[in-house]
Structure formats: structure tokens, C-alpha cells
Amino acid sequence: MPAATFDPKNFPETEEDIDFTDIEQAYPLPKDEGFDSLVVVDNVPVVDQSKEEKLVTVLKKLITKAAGPIKENGLFMPTENKDGKRVSKGYCFVDFENAESAHAAIKNLDGHRMDKSHVLAVNRLTDIEKYTAMNDQYVEPEQEEFVQKEHLRSWLTDSQARDQWVMYRADDVSIFWNRKTETPEHEYSRTNWTETYVQWSPLGTYLTTFHRQGIALWGGPSWNKIVRFVHPGVKLIDFSPNERYLVTWSNEPINVSRIPEGSVNPFTEEDEGNQIVIWDTLTGALLRSFPVVQTGDAPKAISWPMFKWAPTEKYFARLVAGQQISIYEAPSMGLVGKKSVKIDGVADFEWSPANPNSGDDKIFQKEEVLAYWTPEVGNQPARVTIMGVPSKEIIRTKNLFNVNDCKLQWQSQGHYLAVKVDRHTKTKKSTFTNLEIFRLCQKEIPVETLEIKEAVIAFAWEPKGDRFAIITTSDPNLGVSAGPNGQAPAILKTSVGFYYLDNSKAVVAYRPLKIFDKKTSNHLFWSPKGRHLVAATLRSTTVFDLEFYDLDLEPAADKKDIAKEDVGANVHLISTQEHYGVTDVEWDPTGRFVITGSSMWRHTADHGYCLWDFKGLLLFRQTIDKFKQLLWRPRPESLLSKEQKKKVRKNLRQYSKVFEEEDLAVGDAATAKLVATRRKLVEQWYTWRKQTEKRVAEERAEVGKEIKTASDEGKLEVVEEWIEEVVEETEEIVE
Amino acid sequence: MRPILLQGHTRSLTQIKYNREGDLLFSVSKDKIVNVWYSHNGERLGSYSGHQGAVWTVDVNSTSTMAITGSADNTAMLWNVQTGKCLKTWEFKTAVKRVEFNEDDDMALCVTEERMGYPGTVTVISINPDLEAAQSDEPVATIVNDGGPKAVVAGWTYLNKFIICGHVDGSITQWDWKANEKLNTIKPHSESLTDIQFSTDRSYFITSSKDKSAKIFDTITLDELKKYETDTPLNSASITPKFQEFVIVGGGQDAMNVTTTSARAGKFECRFWHKILEEECGRVRGHFGPINTIAVHPDGKGFSSGGEDGYVRVHTFDSDYFKFKSDH
């Protein structure tokens, strides 16, 4: 649009003189055509007068049934004179009572086969006009200029290798850099960036924001929008492990006709009524949509992620509880082997995180592996099965008895699978837990049963390790959701236990490393690098303990002998802390820091977060009104090879020296700065005081009222107080 | 050191005040009672009875002969400190929320509530320092903030030059009270003021507000000198006169919400802030309700706090307090 030019001497005098054509061109108003309810039906049989009435009746009946009510005299079939006979022209106009019926007619009747040679073609009247008015000349689409994308992993190039986090408070979403004990450095913020919450993609490339119309991914140094996915009412999302695909779920079935005209509409009629959509994050294209499978009568709470991804992203699968597991291939989105795997009663499944192509010499399976379990039915025992994909070959099974529930827990490399089996005694009066540990890192996959006498309320593998931690309880209050009179549930007395794979004896088995009794913890958070663990007491109203454990704390040199005998000697509770109102615990991706947050979504007061180091030392704390969410930005796998990492580890001293010097310099500078500002403040204050005191004294002297001292020092009155106390009283009768 | 607990009130405290020497502590409460205590041992010297409603405020003159109180029974009363005799009762149209003697002890200001069609006022009454003399009924001056928000607290500047008023909307006004003229208005707080206390020489003052902050201002220019931002609504703020450059602030969650949370969540602590550096230095716990009023001993060796829980806690500073030195 050309820039508006003003001639101050020659303003138009009346409104009519103003030339509005440019504005009208730029903002054309849609004319109300009123033809929305009109459709044209083509390929109607050509009939002569004698059959015309019959055909009209047939058509009316057909159309009314398939689409909706037609206006009175709404069906008009033009005729022409041919060889002296009046014959119909082979098409007719239908005027419906409303536009929805017209829409339905196009949807239902277009392509309808009336008889062998007549297939109806139904079009909107306005469309016909539109298409006939189209230019027949082929115009080559303009090639869009290639725009270089921003470096999506720019945050990894930070010179100090710091980590970022996203914080959501009130209506603001902000990105910060962690600066340990100092106020975090602000990177970027936006008000109303999201409507519900935010989520990072698993490798940290994208920040996902949720909106009424869909979701958007953001990233790069400028935090621009990278791609947008239209999915009205989207509530939950899930990325595939390498961020290639995105699964979104909305509680509203897709309704193509309700997507406002003019906005981007990725859906076709095939997607009508579906609630789950799979997208390609790179192109933003819709790959396939799925309906929600109703298994029971009542709509159950949906379990998320609904589609679970294999680590290579080649396959993804969905459970139809009690019936089957549907395994799909990506990116073709077709079922593997064209059919689902029917498994009677199947209750849950999990993919092994092991990538068969990773070159891990402890992984023997040459394909993806998933584990599922089926509960007891009649005489059939409960069973845990490990299956290969795509061959669908059963690799290993294990039968179980008296089972209440199972939880499948893969170790992060897929070397082990622990099945937490909640069992009941024969009388069904008490429950206890067994751990069935499948060792997939051995060729024959031995299974070991570890009997835990108490109920296990939390289980977690050490990432990339072969140890695990559990929280057990024998508290009778377990499972009591609320005390009498609506009191908050009692705090369970729990124990935190660590187990390791004992190779020293003839029978290789998991044995306890160390158990810590008399705890209240109910959640486990391993450091992503292993070794360190935080056990937290969450969802309680009175206890907010955080316990920091170190599993490999080297004992002092003089105590090394004892350590050799006691396997658990290196396991230590190094710090017990408290964060009042804590609701969330998050390790940073490097395993050096932990952030505990108190979110307004779960707790009523004291919102904010604390930053701890892995030893449980409080580095920074901030109270933030209306604090909602804080998430560390994940990091992708390191690009260094094993050898390179080894080299770094070997020369760690040299590297750390450099970093320590840098830290020290920064620290010194910060301290110096702080001291300087403090000095300045103090100086300013006393200068002001001196001036003011002088002024006040002068003013007082003027009116002859000298200042009175606050308390008349020197005239202090000393009050002596005698206290008599009867120490003992004996009565003697004096003769 | 363990504080002395003064258990002489059955309802929440509204104001406490030391006399000039600091040996006496006056406390008033919603239970209609005015008590006076020996500050060094917590022994009660006596009480002044006569008010028919909650007592909102108290002040004592510099020679500790007279005390004035203001109450919800629409009166201000003048008392003989020593005998407990009521020397004079001033009737007002509405409740008296704040009283203060001027530095010459010959006048006192009374802040009255805006209610039942009566505007809120700051009324200056003259006081005859002679205990035997009759007191005048007629006010010396009446300040009305016409149409503006009502005053909730007020105080005298040095040499009785001005009256500083704190208002319900968070604004502060400075008045030439003799000419009944508003000289200056600022709005440093976003919510109602709750307390105003002056430095010993009355050249600066501290305000506390429901907006969770306390601020220090110059009495003449009304320049904002310092601010202290906390995480809870504040009810009182006080300046330590000696030894340390501190301010003590206190408050807590609104009284009406107190029962819904634990004592810790209510933040019923006295917080010590470094006056110049604007950094929090420490907290003193103890009350199990919001803190309504704080007063520092004039010799700077201790402080007292009165809470919604009905207790006055009299603290004497430990030796560590006097040794404290911030790095600068």
C-alpha cells in the first residue's frame, strides 16, 4: 500500500470529496450473498415431461432424507425444448431451509449413485460461480524465498554452559538463565504466552504453549514462533523421543464445520469426530488423527501418553485395555502387519528405552522391545510378557499369582525391567509387593523375584545405573485418603531403600545396599546422571521434607577399611532440608542443581521456588506471587564420543581449574560490587542525616527549643529491689 | 533471650507504646482495657478503665504524667498516669483511631473515623499539662480531607510544623494544620496504611501498609528514602533509635484468614531489616496471630510487639545484637 500523502493546503472539504477506494480495496466487506442454502445438483437423469414429476418426487425424497428440509418450491429443475419435446436439462437447483442442510447435502449426496449411469454431483451455487470465474491460464506459483531458520540449539552455546528454565507466573511466561546463588538472568518474557501451561520438547528444542485454537512451538535465540498446530481445545500433548512427531489430545472431537472460515484448517472430513492427532513437528503437517477408543461403558479418565513411542520413533503403540495393543509405523501411520496384536485382558505396556541400533553390547535384541502384562482371569495366571517389534515374537514370559496390580519400570538403557507386583495374600486381607526383575542385559534374560515384605509406594531406577531406590511402608494408614472428620490424610511412616546387583556371591541377585528407616518421603527423584537422589515428602499439608542422598560418597581415608566390609558404607543421607509448601521437584539436566517449587496450582500460600545444589545446599530462593510452573530446559544427548568423554574425565583437573578461576573472578567481582553499593548507600544516608540534623538544630535554635535527649542519660535512677524468700521454715517448740 | 509475655488482654492488641524513658509500656486492646506495665519485668502497674468500646490508640506525654487514649466509643480520654484518674473525656462523632501528643505536650491530635455521614477528621485539641487544671473542650484545629480518602494514621513533625496523615488508599499528605492547608500529597503505597512512626528527632518517618511494604520518608520534603518489601501485609513498622540502623516490621495474613493456615504459613514474625541497606537481617517468631503493633524501647535495647492473639511480647536484645555488623 502506498504511504499516505498529505497536502496540508489541499484538504478535502466534504466527506464525499475523499477518495476511499484504496481503503475499500484493502478491506473489502464480504457481500451478503444469501446463497448459502442453495446447491446445484448435476448429473440428474434427463427426462421428458411425462416422467418429470416422478423424478422431482424421487429427488425431493432423497435429498430431504440425506440432507434436510427443502424450502417450499425449493427444488427447481430447468427444462428445454428439444426436438419439440420438453426435456429436463439434467440438473436442478435445490434451496434448503438452512445453510447446514446445504452443507450436509454436499457432504452426503456428492458422488451419490442414483443408478448405473447417474452419479450425482452436488455443489454450492456460489462455488460454481467462483470456479467458472476462475482464470484458466496456469499461473506458476511464486517460489517462496528460502529463509534461513534460526539456530534452534543456540542456548547450548552459552559460554558458561549454563542451563535455562522457563517460569510461568500469573500471566507471564519467562525464560531465565541459572546463575547459582545470584538472581537468575532474565532472557525473554511474554505476557499471556500460554493459556494453560507450558511444556518443553524432550530435547529442549521447542517450548510448547497451549491456546484455545491449538498449540505453538517456540525457540531459537529470538523466541519466535516456529510452527503452529491447529487443534481446538487441545489439553495434552506428547512428543516422540526425538521430537520428530507430536501427539495432541483435545477433549472436543474435531468438528470440521466449526473451524472458523478463513483460519488454517488442517482437517478433512476423515478427521471428523477424532480427538487425537499426530503431527510432524518439522513440517507442521497433520499425519493422522485417531478417535478415542471407549473400552468400558463409562467414559474413563484418559491415560496419557495414550500413544507410546519406541525409542527409535519408528513405531508407536496404543493400548486398548483388555483387548489389544495397536502398533503403528511412523511416518506411514499404518498398523504394523496391518492388524493390532490381540491380547486378551492386556492391562498395560511399556516400550523398552533401549535403541537396538545404538551399539550397546548389552542389548541382544535386534529390534524394538515392549513389555506388557495381563491380569489373572479364572484359572489363568497373571503374566508379564516381553515382545519384539515388528516381529511380534514373544521373547520372555513370566507367570504371577495373587496379583492386584503391576507396574512396568524399565531402566533408562533398557538393561533391566522391574515389574512392581502388588500382591495380596490368599485371604486378600493384606497386600505386599514383589519386584520381578528381568535382566535383559543377559542373553537368556534371567528373572529374579525380590520379595519386599511391605508395600512399595515408589520405585525408581538409577538413570544409566543398575541400582534402584524404593520407598516402602507398612503403615496401616496406607490407602486411607482422608482421616475421620475430613482431616488431611495422615503422614505415612516410610523407609527409603537402595538395592544393588550383587555379583560377589554365587547367585547373582539384587540385595539391599542400605535402608533408611523412619522417614516420611513419598516421592523419589534421581539425578539424571545417577548417584544422587532426592526423596521428598509431597502432597502433605504439614511435612515438607527434602532429603538429599549420595550413593557413592567416598569415605575419609582412615575409614576406608570399614567401607570394604559394609557395601552400604558409601550411601549417605547428606542433607535434610525443608521447603515449606513444596509441590514440585526438578533436577536440572546436568544433575548439578535441583529446583523445588511451590505452585499456586497445588498450594494456597508461599508460592515460589528454591534452588539447591546436589548436596542439598540452598543456593537461591525466591518468593513469587502466583507462581505456577518452573521447568528446566532439557538438553539433547551429548555429541561427544565415549573416547572424548573419557579424555575429558581424565583431564578434569585442568578443565576445572579454568572454570574455578572464572567462578572466583565472577564471585569476587560480585562481592566487590555489592560492597561498593552498600558503601554508597551508607554514605548517602549519613550525608543526608548530617544535613537534616543540622537543619533541624538550626530551626530549633531559631525558635529557642533545643533538642531534648531521648532519655536523660546520667540521671538514670537505680531502683534497688529487695526480694525476700523463705528458704526453709522449721518450727521448734522452745521449752 | 526469652521474651516476657504480657497476658493482660483478652482480645487483640491495637497499639503499644513506651514512655520517653522506656520504663513503662502502655498497651491498648479491643477488650476496652488500657494497661500500663513495667517494661523491665512485665509487672502490671495498673489499668485505666472507663472506655465503653474497643480502645484503638494510646499515647503518653514526654514527662509521663498524662496518657491519652482513643476508642471506638467515640471518645478520647486523658488520664493521670500515676493515679489512673480520668482527667477529661472528649466526645467525637465517630471512633478515634489514632492519638498523639506533640513534642511540647500542649496539644494532641486525634484521627477520627469516617462513618455514618461524618467525614473523617484529624482534630487537634489543646492539653493543659497541669494535672489539676481544667481541659478545654474546643478543638484548636480540624483537618478534613475534603472528598479525599480518609486518614487512618497521623503524626506530628518536629517543632509541630506539620501534621503527616496516612490514608486508606495508600497516600500520604502533609498539612499546615494551623492554616488548614494541604501542602503535599504523595501516593507511595497501593493499599491502606497501617502505621506511621517517627524517628527520635521527628525528621523522618516510617510507614507500613497492607501492600506488604514499609517505607521511610523525609518529613519535610516527603521524599521516599527507603523501602522494605516483604511477602505479607504489614500492620506496623518501627525504627530502632540506637546501636543498630534497623527497622522492625510486622504483620501477617489478614486476621479473618488466620484459622485457615498453620502459624508458620501466616508469617506472624517480627522482621528486622537493615534500615540503610534495605536487606532483611532476621526474624523473631512467637505470635500465633498477626502482629498488630510494634514499639522499640527508646534506648534501643529491646522492643515489644502486640498481636491479634492478645499477647504483648517484650523482648530484650541479646549481646549478639549489639555486636552485629554488616559487611560494608
(request) Please give the number of the condition residue A:603 fails out of (1) open to solvent by less than 20 Å² (accessible area, probe 1.4 Å); (2) within 25 Å of the chain's Cα centre (by Cα); (3) modelled with pLDDT under 90. (result) (1)
(request) List the number of the failed condition for residue B:137; all other conditions in (1) more than 14 Å from chain A (Cβ to nearest Cβ); (2) charged (D, E, K, R); (3) outside any loop (DSSP other than H, G, I, E, B); (4) surrounded by fewer than 21 Cβ atoms within 10 Å (Cβ to Cβ) hold. (result) (3)
(message) Return the residues of region B:267-285 that are more than 20 Å from the chain's Cα centre (by Cα), in a loop (DSSP other than H, G, I, E, B) and not β-branched (Val, Ile, Thr); say none if nothing qualifies.
(response) B:267, B:277, B:278, B:279, B:285
(message) Out of everything in region B:246-275 that is at pLDDT 90 or above and within 14 Å of chain A (Cβ to nearest Cβ), what residue ends up being farthest from residue B:195 (Cα to Cα)?
(response) B:274
(request) Considering each residue of region A:619-633, count those that are in contact with a strand residue (DSSP E or B) (Cβ under 6 Å, 6 or more places away or on another chain) and surrounded by fewer than 16 Cβ atoms within 10 Å (Cβ to Cβ), and give that number. (result) 4
(request) Among the residues of region A:238-271, count how many are open to solvent by less than 70 Å² (accessible area, probe 1.4 Å), of a type in the set (D, E, K, R) and either in contact with a His (Cβ under 8 Å, 6 or more places away or on another chain) or in a loop (DSSP other than H, G, I, E, B) (or both). (result) 2
(request) For region B:283-328, name all the residues that are surrounded by 16 or more Cβ atoms within 10 Å (Cβ to Cβ) and basic (Lys, Arg). (result) B:301, B:313
(request) Filter the strands (runs of 3 or more DSSP E) completely within region A:40-125 down to those with at least 2 residues that are farther than 30 Å from residue A:257 by Cα. (result) A:79-82, A:85-88
(request) Could you tell me which of the residues B:194, B:200 is away from chain A (no Cβ under 13 Å), open to solvent by 10 Å² or more (accessible area, probe 1.4 Å) and not aliphatic (A, V, I, L, M)? (result) B:194
(request) Tally the residues that are free of Cβ contacts under 8 Å to residues at least 60 places away in the same chain and either assigned to a loop (DSSP other than H, G, I, E, B) or within 13 Å of chain A (Cβ to nearest Cβ) (or both), restricting the search to region B:226-245. (result) 11
(message) Pairs please, first residue from region A:393-408 and surrounded by fewer than 17 Cβ atoms within 10 Å (Cβ to Cβ), second anywhere and of a type in the set (S, T, N, Q) and part of a strand (DSSP E or B), Cβ atoms under 6 Å, 6+ apart in sequence or on different chains.
(response) A:394/A:385; A:397/A:385
(message) Being under 27 Å from residue B:189 (Cα atoms), open to solvent by 50 Å² or more (accessible area, probe 1.4 Å) and hydrophobic (A, V, I, L, M, F, W, C) is the requirement here; does residue B:124 meet it?
(response) no
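Let's see how each residue does on (1) free of Cβ contacts under 8 Å to residues at least 40 places away in the same chain; (2) open to solvent by less than 20 Å² (accessible area, probe 1.4 Å); (3) within 31 Å of the chain's Cα centre (by Cα):
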residue	(1), (2), (3)
A:331	no, no, yes
A:344	yes, no, no
A:361	yes, no, no
A:370	no, yes, yes
A:381	yes, no, no
A:388	yes, yes, yes
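How many residues, within region A:671-683, are open to solvent by 100 Å² or more (accessible area, probe 1.4 Å) and either more than 7 Å from every other protein chain (Cβ to nearest Cβ) or closer than 18 Å to residue B:161 by Cα (or both)?
3
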(message) Just to be sure I understand, how many residues within region B:203-225 are within 14 Å of chain A (Cβ to nearest Cβ), open to solvent by 10 Å² or more (accessible area, probe 1.4 Å) and part of a strand (DSSP E or B)?
(response) 3
(message) Quick check on region B:89-103: of everything there that is in a strand (DSSP E or B) and out of contact with any Cys (no Cβ under 8 Å at 6 or more places or on another chain), which residue is most open to solvent (accessible area, probe 1.4 Å)?
(response) B:91
(request) Look through region A:190-224, keep the residues that are under 28 Å from residue A:312 (Cβ atoms) and not in a strand (DSSP E or B), and return whichever of them is most open to solvent (accessible area, probe 1.4 Å). (result) A:202
(message) Take the conditions in contact with a strand residue (DSSP E or B) (Cβ under 9 Å, 6 or more places away or on another chain) and either surrounded by fewer than 20 Cβ atoms within 10 Å (Cβ to Cβ) or modelled with pLDDT under 90 (or both) and apply them to residue A:642. Does it pass?
(response) no
(message) Within region B:19-36, take every residue that is within 14 Å of chain A (Cβ to nearest Cβ) and open to solvent by 20 Å² or more (accessible area, probe 1.4 Å) and give me the one that is farthest from residue B:53 (Cα to Cα).
(response) B:21
(request) Could you please let me know if residue A:327 is in a strand (DSSP E or B), touching a Leu at 6+ places or on another chain (Cβ under 9 Å) and either at pLDDT 85 or above or surrounded by 16 or more Cβ atoms within 10 Å (Cβ to Cβ) (or both)? (result) yes
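The values are calculated or read from the model by the stated rules, or taken from the named source; none is laboratory data. Source: prediction; values computed, not measured. All Cβ positions, glycine included, derive from the backbone under ideal geometry; neighbour counts span all protein chains shown. Each accessible area value is taken on the protein alone, full model and side chains, heavy atoms only, with ligands, DNA and RNA left out. Shrake-Rupley method; radii C 1.70, N 1.55, O 1.52, S 1.80 Å.
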